[in-house]
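Taking it in order: structure first as structure tokens, then the write-up.
Every number in this text was worked out from the coordinates using simple rules, so none of it is lab data. On a predicted model such as this, the values are computed, not experimentally measured, just so you know. Reconstructed Cβ throughout: ideal geometry from the backbone, glycine too, with neighbour counts over all protein chains shown.
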Amino acid sequence: MEQVRNTQKSVRNRVRLTHDALFNLHELEMDSNFVHRIVTHPDLSVIMYAPKILGLFRDLFISRADYPLQTLSYDTTFCLGDFYLSPLLFRHTNFSPAPIIPLAYLLHERKTMETHAEFFRHMRSVCPQLAGCQNVIIVTDQERAITTAIHDICPELKHVLCWNHVLQDCKRWLQQHGASSQAEVAYYVDSVSQPFAQFFRSSIHPVMNQLGAWVLRPLGLEKVTSNQSEFFNTVLKRLQDWKEAPLDSMALCLLRLAQYHLTEVRRGLYGIGEFQLRPGITMPQWAADIIRALSPYYCNL
């Protein structure tokens with residue numbers, strides 16, 4: 001993490017050819033295989049991902065037929081700069097506990113359905129497993145632009161809603177309608193008053209098929225949250241020391257973060273590092289061959 005911070009500082013103070021962030025972003029697109037799409041008109045949107053991380057995600061479904069449930073999450077992060085950032089996250093289920101890894105990022109100027117739809121359209125074209133595999137779900141909040149984009153572009157992808165956000169929506173409605181204390185809020189959430197019942201019918205009942213236990217229990221879930229997105233949002237803000245950054249520095253930071261995750265996955269496959277293979281998952285043959293080839297060298301040190 002400290003290396004990422006140092007890289008950001010270096011970019012800000014020394015590396016830049018210019019202080020034009022868009023120019024630097026296009027330079028990064030040409031010099032790396034990380035920035036894949038830049039649109040500047042009518043609204044800025046940038047799609048970023050490391051192809052090797054897409055390969056890691058694909059391999060989870062190719063390497064075995066009985067792959068465990070894959071939980072994607074997608075949420076928008078604020079206060080990182082003069083833009084929004086929406087990471088699409090997955091869990092590398094060959095490790096235990098399964099680490100959270102960003103599959104791709106959308107850096108965007110406005111939170112429109114068209115912007116999110118273009119992101120999912122692009123991702124579906126480069127990673128068909130997003131919508132073509134059975135044991136995959138995606139968790140989001142109820143933001144209309146996101147839910148509509150997923151429904152329109154990836155209708156086969158099982159889409160469920162975060163319980164925490166639904167409860168927060170309920171509490172917010174109650175506070176706006178005179179429930180002043182936490183005790184009152186808790187009482188009305190657990191009970192049903194006539195006005196609250198109307199709110200429930202209009203806002204929550206239409207999406208019950210994305211929340212109900214009858215949907216989650218066949219997947220082996222008792223409840224579902226977007227906590228992995230909330231956790232990763234905190235990681236991003238800590239990397240920035242809770243300060244805003246220009247978009248080119250953010251793009252370079254995300255590139256370094258992708259390189260970090262790739263390195264940690266490789267270390268885990270070699271049997272070293274923080275990521276530990278799940279019971280029943282064996283080290284790939286190529287990793288075993290490398291360790292076998294290096295073992296005489298380490299023995300002679």
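Remarks
- With θ taken as phi - 60° and the Karplus curve 6.51 cos²θ - 1.76 cosθ + 1.60 applied, the whole-hertz 3J(HN,Hα) list for region 107-112 is 9, 9, 8, 10, 9, 9 Hz, x standing for glycine and proline.
- Close amide H pairs (under 5 Å, H built 1.01 Å from N) link GLN276 with SER96, residues at least 5 positions away or on another chain.
- R0 of 30 Å, Cβ-Cβ distance GLN276-ASP241: FRET efficiency to nearest 0.05: 0.50
- Amide proton proximity set for ALA104, modelled H, under 5 Å, gap of 5+: LEU88
- Neighbourhood net charge (13 Å Cβ-Cβ; Lys/Arg +1, Asp/Glu -1) for ASP141: -1
- Listed values for region 235-241 are Karplus-derived 3J(HN,Hα) couplings in whole Hz (6.51 cos²θ - 1.76 cosθ + 1.60, θ = phi - 60°), namely 4, 4, 6, 5, 4, 8, 6, and x replaces Gly and Pro.
- Built amide H within the under 5 Å cut-off of THR77, gap 5+: LEU85, SER86
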